[in-house]
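The values are calculated or read from the model by the stated rules, or taken from the named source; none is laboratory data. Keep in mind that what you see is a predicted model, and the values were worked out from it rather than measured. Ideal geometry is used to build each Cβ from the backbone, glycine not excepted, and the neighbour counts take in all protein chains shown. What goes into the accessible areas is simple: the full protein's heavy atoms, side chains included, and nothing from ligands, DNA or RNA. Shrake-Rupley method; radii C 1.70, N 1.55, O 1.52, S 1.80 Å.
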Amino acid sequence: MKKYKHMICVVFVGLIFVSMSIAAWIKPSREFSDSERRKLAQFPEISPDAVEDGSFITKFENYTQDQFPMRDTFRTIKAFSTYYMFGQLDNNGIYMKDGYAAKLEYPLNEESVNHAADRFKFIYENFLADKSLNIYLSIVPDKSYFLAEQNGYLSMDYKKLFAMMQDKMNYAKYIDITGTLDITDYYKSDTHWRQEKLTDTAAKLAADMGVTLSDQYTPKTLDYPFYGVYYGQSALLLPAETIYYLTNDVLDSCKVTNHEKGTVGGIYDMDKAAGKDPYEMFLSGALSLITIDNPTCQKDRELIIFRDSFASSIAPLLVEGYSKVTLVDIRYLRADFLDKFIEFNNQDVLFLFSTLVLNNSETLT
C-alpha cells in the first residue's frame, strides 16, 4: 500500500510538471504586466554569439520567469506566505503597515543626492543665476518617512537628505512642507499623494512664494477604481481605492499645452483616467514639458516648476496665483536644452522633488 502511495505521488507531481511545461510553451507571451506595470521579457533572439557569451541563456531565464503560467497567482501565494506564514517584514522590499503598502527606501544614497544637486546647480548657473527670479526648493517625503522608522523598518536618514539639499542649493529658499503632511495624505496602494488632501500643502507653498490661494474647490469622484503601483508589486490583492480630484471655475478655464505632442487640453486627462494608471489623469502624467495658462489671473505672474510625478497633482492647486505655470521634468528633457524652450525672466522657480527621486536620481539628465 505504501508503495502505491509513493507511485501516486510521483505520478501526480510528474503530471503537474508536464502540464506546466506544456502550458509554458503553448501559452502566448504577454507583452505587459498590468499588475506590475512593466514590460515582460520576450523570447530572446538565438545567435551563435549570444549562445557563446551566455547572454541568450540569461535572457531566456528572464523570459521563462516573466511568462510562467499562472505567474500572478504564484506571486500572490508567495507574498501571503512571506507575510503571514513566515512572518517576514517585507516581500521584495515592499512592506505593509496599517493598511498602507510602502517600499523600503534605505539607505541614504549620498552619491545620488549629490548628483541631483549637481544637476540643479547646472540649471541655476546656466539659466537662472543672472536673471530676476525668485528661486525655491521643496522636498516631498515618501511614505516611509511616516511609516518606516516608527515601526521598526529600515529607514534612510531623511534629516540628512533635507540638510544636504538645502546646503547644496543655498541659492534657493527652502519651503518645508513635511508639517502639512501625514500618512493619510497618500494612497494606500500607491507611492503618490492624494490631491484632495493637499490644499494646506499648496497653501504653504503659495504663501512662502508670496501668493494667496482662495482654497475653494469642488471635489469630484473618478468613476474608475484605482489600484496603485504597490498593488502589483506586493502581489497581495490590495483593495481598490477611489481617486478624488478638485475643480473650480479657475481650473475649468485653464488650458494645458503638451509640448511633446503639440496638443492642448484641460487640467484632467480623462482618457488617462480610464487607462492602466489613473493617477496619470493629473496633467496627463509623465511629460517633459507642459504649460498651464490661466486666463482668469489678473496678475502677469509666472511659475516654473522643475518636478517629478508628485507635482502633477499639486501644481493645479497653485495655478490660481499665476497667469502661467510651466512644468519641466528633466528626466525626459535634457537640462542643457532648457533655453530652447523656456525664456527665464522675472518668474518664480520651484524645485519640487520627492525623496524617492532624489535618492534614485540617475534618471535626472
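Numbers at a glance
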item: Check on ARG307, open to solvent by 10 Å² or more (accessible area, probe 1.4 Å) and in contact (Cβ under 8 Å) with a residue 12 or more places away in the chain; result: no
item: Matching helices (runs of 4 or more DSSP H) fully within the stretch 194-262 where at least 1 residues are open to solvent by less than 60 Å² (accessible area, probe 1.4 Å), more than 30 Å from ASN92 (Cβ to Cβ) and free of Cβ contacts under 8 Å to residues at least 60 places away in the same chain; result: 199-208, 249-253
item: Residue that is β-branched (Val, Ile, Thr) and out of contact with any helix residue (DSSP H, G or I) (no Cβ under 6 Å at 6 or more places or on another chain), where the choices are THR201, THR218, THR180; result: THR218
item: Spans of strands (runs of 3 or more DSSP E) in the stretch 81-180 with at least 2 residues open to solvent by less than 30 Å² (accessible area, probe 1.4 Å), over 16 Å from SER354 (Cα atoms) and not β-branched (Val, Ile, Thr); result: 100-103
item: Search result, residues across the stretch 238-270 that are modelled with pLDDT of 95 or more, closer than 26 Å to ILE330 by Cβ and charged (D, E, K, R); result: LYS255, ASP269
item: Test set (1) in a helix (DSSP H, G or I); (2) in contact with a Pro (Cβ under 7 Å, 6 or more places away or on another chain) - ASP271 fails condition number; result: (2)
item: Of all residues making up the stretch 277-287, the number that are surrounded by fewer than 19 Cβ atoms within 10 Å (Cβ to Cβ) and either modelled with pLDDT of 95 or more or not in a loop (DSSP other than H, G, I, E, B) (or both); result: 1
item: ILE290 vs. criteria touching a Leu at 6+ places or on another chain (Cβ under 9 Å), at pLDDT 95 or above, β-branched (Val, Ile, Thr) and not in a helix (DSSP H, G or I); result: yes
item: Number of the exception - ALA335 against (1) open to solvent by less than 10 Å² (accessible area, probe 1.4 Å); (2) within 29 Å of THR218 (Cβ to Cβ); (3) small (Gly, Ala, Ser); result: (2)
